[in-house]
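The values are calculated or read from the model by the stated rules, or taken from the named source; none is laboratory data. None of these values were measured; they are calculated from a predicted model. Backbone-built Cβ (ideal geometry, glycine too); neighbour counts: all protein chains shown. In case anyone asks, the SASA skips ligands and DNA or RNA and just uses the protein heavy atoms, side chains included. Shrake-Rupley method; radii C 1.70, N 1.55, O 1.52, S 1.80 Å.
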Amino acid sequence: MVTRFYVLVLAAVSVSLVNTEKSKCAVCKDLTTHFKKYFDETSGQNYGGGNTAWEEKSLGSYATSETRLVEMLEKSSKDCDYKCSSLLEDQEEFLEEWFFKKQKSHPDVHKLLCIETLQRCCPDNTFGKECQECPGGTTKPCSGHGSCEGAGDREGKGTCNCDMGYNGTTCDTCKDMFIRNAENNECESCSSLCEGQCVGIGPKGCTQCIKGYELDETEGCKDIDECTKEGMGCGDPLEDCVNSPGTFECVCKAGYHRVQGKCQLEGTDFTNILIIVGVHVVLAILGISSLGFRGALIFVLFYLVSMVAFIIAKYHKEGTLGFW
């Protein structure tokens, strides 16, 4: 079981290395990029001994000296990875010949080495073994709205990777939910207010609107003001309707807060009613001691009914009876 696990891990690592491995063209390009970098850096320099005139006269021009070439090769080797360093070792004689004999007649060392001599790479916007043109041509590959995969590489695929909003083998059509702008011929996103594909730019180009919006002949998709529409908005007189783009909200009026879905006066609830009723019941019962049974009973009943009616009427009017 353990052996099988390690085999799977090694297989996964191998696949990962294969997928991230540089192409031969990329390795060659790395080499020529490093070499040209230090060629440019050392341009205009001298031997560094302090007496430039004597050095140039005795040792020859620094610009075409072996001292300069060795410095360029050493620095390039330090910047290179393993494959680049190996290629540098293989092509050292070629680079020497270019440095001493061809740098003026063939200033593009990448073209001379990677494209023409080793034939690992292709000219710009071409790909494959025969260096064929990328879809859409070399002047404007992928219609100018994408990148040609592997362009400049003999191992490249030449498939167009289209920019956002574009589609097709040459990136010349618009994707769904995009529309071509007649003014600049660019594919632009449909308005966010559109439900489905649009036929024009902006909200006016929508054929259907998302929830909370409706089609208007002049404006296109327009916000529905639910607060002013009959049968919409808030039904509670203690609520204020607040409209916002695409939706609305019911908020309690000033001095009220929401309790169990209903707006009530701040600091009051049904518990307060029970406390008030309870206090008055106790007071009414205490009155029995000073009245006869019949008189006390009439007093209690009258008192309770009056107080309960008063409290219910008061809190119902204020909208604070959650059960009412």
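What ranking of 87, 238 comes out by heavy-atom accessible area, probe 1.4 Å, highest first?
From most accessible down to least: 238, 87.
Order 175, 140, most accessible first, counting only protein heavy atoms with a 1.4 angstrom probe.
If we order 175, 140 from most to least accessible, we get 140, 175.
Tell me, what is the 1.4 Å probe accessible area of residue 62, in Å² to the nearest 10?
That residue has around 10 Å² of solvent-accessible surface.
So what's the stretch 108-214 giving for Rg/Rh, alpha carbon basis, Kirkwood Rh from the mean inverse pair distance? Working shown, then result.
Working: Rg = 19.4 Å, Rh = 15.7 Å.
Rg/Rh: 1.24.
Once you've got the Cα coordinates, tell me which of 229/262; 83/111; 24/140 are over 24 Å apart.
Numbers: 229/262 22 Å; 83/111 19 Å; 24/140 26 Å.
Over 24 Å apart, Cα to Cα: 24/140.
Can you work out the accessible area per residue across the stretch 121-235, with the rest of the protein chains kept in place, probe 1.4 Å, in square angstrom?
Heavy-atom accessible area per residue stands at 60 Å².
Tell me, what is the FRET efficiency for residue 78 and residue 105 to the nearest 0.05, using R0 = 25 angstrom and their Cβ-Cβ distance as r?
0.30
Work through the residues other than residue 144 whose Cβ is under 12 Å from its Cβ and net out their charges, Lys, Arg +1 and Asp, Glu -1.
Once positives and negatives cancel, what remains is -2.
Expressed in nm to one decimal, what extension gain is obtained for the pair residue 301 and residue 266 from 0.36 nm per residue of sequence separation less their Cα-Cα distance?
Between residue 301 and residue 266, full extension yields an extra 9.4 nm.
Once the piece of chain linking residue 201 and residue 219 is laid out straight, how much longer is it, given 0.36 nm per residue of separation minus the C-alpha distance between them?
The span from residue 201 to residue 219 would gain 5.3 nm if fully extended.
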